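Taking it in order: structure first as structure tokens, then the write-up.
Where a number appears in this text, it was derived from the coordinates with a stated rule and is not lab data. Quantities reported herein were computed from a predicted structural model and do not represent experimental measurements. Here the Cβ is made from the backbone with ideal geometry for all residues, glycine too, and neighbour counts use every protein chain on show.
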Ligand code: AMP
């Protein structure tokens with residue numbers, strides 16, 4: 001039996017996974033997801049050759065992390081693959097100031113990561129719960145964490161500061177930034193396309209259920225829209241994005257909201273869902289002509305357009321604009337609207353290229369290259385893991 005790496009990517013409402021053979025190039029063996037964990041969960045699995053493909057609904061209610069993991073491991077087991085899972089990589093949302101590179105998830109690391117749960121309550125606790133469950137079912141596998149915050153750790157210091165008293169900054173109240181595994185993957189694709197310049201002053205729009213933008217120069221993070229927590233920045237599926245802190249004070253003091261209630265409001269009941277009152281799913285909103293859905297979409301586009309301007313200011317211009325993640329990769333309509341809002345920066349989209357979601361969707365000779373780059377966080381995690389668990393020489397062929 002040869003070795004394999006299993007990557008688990010736990011989001012707030014889905015668990016994506018992929019299994020790679022541990023040899024040069026990390027060939028994909030199987031990948032899939034369990035989505036809609038809280039309501040009629042769905043398992044989707046495909047292999048590198050797309051055969052056999054599994055797609056099924058896993059009951060009517062919700063599904064917990066243990067059952068989710070069991071379904072995934074059972075599906076993988078039933079495929080009779082000749083590879084054995086010897087290590088498991090996790091996308092961990094928060095590494096704080098300390099974890100800026102992949103780390104083996106031993107007891108002391110897990111304890112340190114547990115202390116970051118209040119900074120990303122939904123994601124971090126689920127990430128750590130899944131690490132514990134894996135330790136129970138695959139006790140011999142080495143587990144490695146790769147951190148969404150790490151890509152942003154080298155930003156200019158000023159980009160991490162809030163206008164708060166120094167003591168708070170020094171005790172860790174700073175902007176961390178997120179979606180860094182996706183941004184790192186996109187940066188590697190930009191380097192493959194442009195060489196070390198990586199598209200120069202590039203803004204990457206990671207537009208999925210969680211959404212953020214990152215301004216890069218030569219593939220390194222300069223500024224990003226998420227900050228201390230994954231609540232900041234763009235309007236998201238159910239998260240509010242940037243909010244005047246005065247609103248928070250008002251809700252706590254005058255509307256007597258509890259801290260728990262406020263957290264639920266801002267993480268789970270706001271964003272596209274809150275504004276539309278219909279759904280946090282962009283595809284669903286695009287399919288209805290309810291004015292509240294239209295308003296939610298308009299706000300999503302408006303905020304993305306404004307922030308692209310802000311990030312271009314931080315980078316001193318814009319050479320390349322990249323769309324990625326569920327909405328960025330799949331919605332020509334949203335891409336077109338956002339590009340219109342960024343037209344003043346020289347962004348010009350070719351409607352046909354955009355409709356076909358080509359790799360480059362800008363008009364020929366455009367001042368700004370506009371690209372669609374599908375992200376692959378699972379592969380990015382597997383690649384990052386090689387820095388601490390390299391492939392043995394006899395497996396490199
Ligand atoms: P992600 O979190 O990257 O899986 O992205 C999920 C988001 O992508 C959801 O809001 C989906 O509705 C959205 N999405 C996926 N496909 C499409 C599509 N064809 N058009 C618009 N939005 C889409």
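In the chain, what % of DSSP beta bridges are antiparallel (nearest 5)?
On the way: 38 of 60 bridges.
Roughly 65 percent of the DSSP beta bridges within the chain come out antiparallel.
For region 205-289, compute Rg over Rh where Rg is the Cα radius of gyration and Rh is the Kirkwood radius from the inverse mean 1/r over Cα pairs.
Details: Rg = 14.7 Å, Rh = 14.0 Å.
Looking at region 205-289, the ratio lands at 1.05.
Taking the mean number of other Cβ atoms within 10 Å as a proxy for protection, how do you rank 174-183, 281-290 from highest to lowest? If you can, show how the numbers build up before the last one.
Details: 174-183: 26.4, 281-290: 14.6.
Ranking the peptides 174-183, 281-290 by packing returns 174-183, 281-290.
Go from 0 up to the bin containing the longest alpha carbon distance in region 73-150, width 10 Å each, and give me the % of pairs per bin.
Distribution as computed: 18, 50, 23, 9, 0 percent.
Work out, in µm²/s and without decimals, the Stokes-Einstein translational diffusion coefficient of region 3-50 at 4 °C, 1.567 mPa s, Rh from Kirkwood over C-alpha pairs. It would help to have the intermediate numbers written out before the result.
Values: Rh = 11.4 Å.
The Stokes-Einstein estimate is 114 µm²/s.
Give me 22, 42, 217 sorted ascending by neighbouring Cβ count inside 10 Å, so fewest comes first.
Working: 22 24, 42 14, 217 19.
Listed from fewest to most nearby Cβ atoms, that is 42, 217, 22.
What translational diffusion coefficient, to the nearest whole µm²/s, does region 132-171 have by Stokes-Einstein, given a Kirkwood radius computed over alpha-carbon pairs, a temperature of 20 °C and 1.002 mPa s viscosity?
Answer, rounded: 157 µm²/s.
Give me 20, 71, 228 ranked fewest to most by other Cβ atoms within 10 Å of their Cβ, as a rough exposure proxy. Present the calculation step by step, with values, prior to reporting the outcome.
Numbers: 20 26, 71 20, 228 16.
If I rank by nearby Cβ atoms, fewest first, I get 228, 71, 20.
Please state, to two decimals, what the Cα-based radius of gyration of region 1-157 comes to when divided by 2.2 N^0.38 Å (N = residues).
Relative to the rule-of-thumb radius for its length, region 1-157 sits at 1.06.
Report, to two decimal places, the Cα Rg of the chain normalised by 2.2 N^0.38 Å (N = number of residues). Don't jump to the answer; show the numbers that get you there.
On the way: Rg = 20.8 Å, N = 397, 2.2 N^0.38 = 21.4 Å.
Here the Cα radius of gyration is 0.97 times the empirical estimate.
How many angstrom lie between the Cα centre of region 216-295 and the Cα centre of region 109-150?
Taking the Cα centre of region 109-150 as reference, the centre of region 216-295 is 25 Å away.
Let me check I have the definition right: for region 218-337, take the eigenvalues of the Cα gyration tensor, multiply each by 5, take square roots. What are those semi-axes in whole Å, largest first?
Details: eigenvalues 134, 87, 25 Å².
Working through the eigenvalues yields semi-axes of 26, 21, 11 Å.
Multiplying the sequence separation of residue 48 and residue 188 by 0.36 nm and subtracting their Cα-Cα distance, what value in nm do you get? Don't skip to the answer; put the middle values down first.
Details: separation 140, 0.36 × 140 = 50.40 nm, distance 2.16 nm.
Stretched out fully, the residue 48 to residue 188 stretch lengthens by 48.2 nm.
Bin by bin, in steps of 10 Å, what percent of the Cα pairs in region 250-397 do you find, going until the bin that has the longest distance?
In order of increasing distance, the bins hold 10, 27, 27, 21, 12, 2, 0 percent.
Counting residues in region 136-265 as N, plug N into 2.2 N^0.38 Å and put the Cα Rg over that result. Working shown, then result.
Values: Rg = 17.6 Å, N = 130, 2.2 N^0.38 = 14.0 Å.
That ratio works out to 1.26.
Once R0 is set to 35 Å, what does the formula 1/(1 + (r/R0)^6) return for the Cβ-Cβ distance between residue 84 and residue 196, expressed as a FRET efficiency to the nearest 0.05? Walk me through the numbers on the way to the answer.
Numbers: r = 38 Å, r/R0 = 1.08.
For residue 84 and residue 196, the calculated efficiency is 0.40.
Restricting the count to DSSP beta bridges whose residues both fall in region 205-340, what percent are antiparallel, rounded to a multiple of 5?
Numbers: 7 of 9 bridges.
Antiparallel bridges make up about 80 percent of those DSSP assigns within region 205-340.
Using the Cα atoms as the points, what is the convex hull volume per residue of region 165-217 in Å³?
Per residue, the Cα convex hull of region 165-217 comes to 108 Å³.
Sort out for me the Cα centre separation of region 30-69 from region 323-384, rounded to whole Å.
28 Å
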